[in-house]
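Beneath this line is the structure, given in structure tokens, with notes to follow.
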Amino acid sequence: MEMLASLHTLPSPLPPTTTSSSSEPSYKTPFITRRRAIISASTAAIASLLHFSNPIPSLYPAIALQPQQVELDQEEDRIVRLFQETSPSVVFIEDLELAKIPKSSSKGDRDVVAEDEDAKVEGTGSGFIWDKFGHIVTNYHVVDKLATDQSGLQSCKVLLADSSGTSFYKEGKIVGIDPSYDLAVLKVDVEGYELKPIVVGTSRDLRVGQSCFAIGNPFGYENTLTTGVVSGLGREIPSPNGRAIRGAIQTDAAINAGNSGGPLIDSYGHVIGVNTATFTRKGTGISSGVNFAIPIDTVVRTVPYLIVYGTPYSNRFQ
């Protein structure tokens, strides 16, 4: 290409000369010969390059794909970092039925659920660390058996990690519930551990089509990441007590059993919703790709009252 470009930098043709034998102008032969030689040399060089590259025709697609591959690699690296930074704030919750009522112990908040080998796992779910004091936000339906237990045999075991990445089990105790919004707050003893609370975003400025990511424990598989987009806004879904939850976020990021209570995050790692429900194909239990999350703005308004009073603001004066 450089040789072709050099044609544009040649000097202007020499002025025509008139011979005595003819009135027609003529150009000096040496210049014409030089120009033709340059063109011929350029053509020959390009032809030789093309001929040389014929044995490896895949060279051109490879060169064309390099910028695209770099862009894909950068996008993958971004998602990997997003998961690595956010997953320590996500917890795994097991809903247990104990074989016997645990005895009190002087060990304080001991891991009684871990000591009962005969405990039956009745369900699993997800949640996320709200603050450094050990408050965990999840769905009410994840811990509803514990919330309504009268026998003392229901418990929940929470697997979480500290800021250094060290995983540990703790018993989760309910401090507040709001069935109307399918929200609950657990408390675990974190003495001696430093937690990494999740970064809270906003759902007010969400747009259909923007990327989102769900982190949770579907079917008991810990720290699973699924990707998708915001498919719809302002949806209405039923709550555990039969009331409507308005303003729900619809997404095609896969949400299955065990994802409930986990965070839906944006491209910056900010939580924008609490994964709550999915439509399943009848008789299969398989997600249809139509999934819903409670908007984080609703969560932000509700959780402080659950932590302080144990009930939502609407129930304080009833």
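The values are calculated or read from the model by the stated rules, or taken from the named source; none is laboratory data. Predicted model only: the values in this text are computed from it and were never measured. Counting neighbours? That spans all protein chains shown, and the Cβs are built from the backbone with ideal geometry, glycine included. Side chains included, ligands, DNA and RNA excluded: accessible areas come from the protein's heavy atoms. Shrake-Rupley method; radii C 1.70, N 1.55, O 1.52, S 1.80 Å.
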Next on the checklist: Quick check on the range 224-231. Is at least one of its residues touching a Leu at 6+ places or on another chain (Cβ under 9 Å) and closer than 24 Å to residue 123 by Cα?
Outcome noted: yes
Checklist outcome for this item: Residue hits (the range 135-157; modelled with pLDDT of 95 or more, open to solvent by less than 10 Å² (accessible area, probe 1.4 Å) and touching a Lys or Arg at 6+ places or on another chain (Cβ under 9 Å)) are 136
Checklist entry - Which number in (1) crowded, with 18+ Cβ neighbours inside 10 Å; (2) at pLDDT below 95 marks the one condition that residue 288 misses? => result (1)
Item to check | Among residues of the range 70-94, those that are surrounded by 11 or more Cβ atoms within 10 Å (Cβ to Cβ), of a type in the set (S, T, N, Q) and either at pLDDT below 90 or more than 15 Å from residue 226 (Cα to Cα) (or both), counted | outcome: 1
Checklist entry - Listed residues 209, 165; which is farther than 25 Å from residue 237 by Cα, small (Gly, Ala, Ser) and surrounded by fewer than 24 Cβ atoms within 10 Å (Cβ to Cβ)? => result 165
Checklist entry - Is it the case that the range 222-244 has a residue that's touching a helix residue (DSSP H, G or I) at 6+ places or on another chain (Cβ under 9 Å) and basic (Lys, Arg)? => result yes
Item to check | Any hit, the range 215-231, residues being aromatic (Phe, Trp, Tyr) and at pLDDT 95 or above | outcome: no
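What about residue 308, is it over 27 Å from residue 221 (Cα atoms), modelled with pLDDT under 95 and among the hydrophobic types (A, V, I, L, M, F, W, C)?
It is true that residue 308 is over 27 Å from residue 221 (Cα atoms), modelled with pLDDT under 95 and among the hydrophobic types (A, V, I, L, M, F, W, C).
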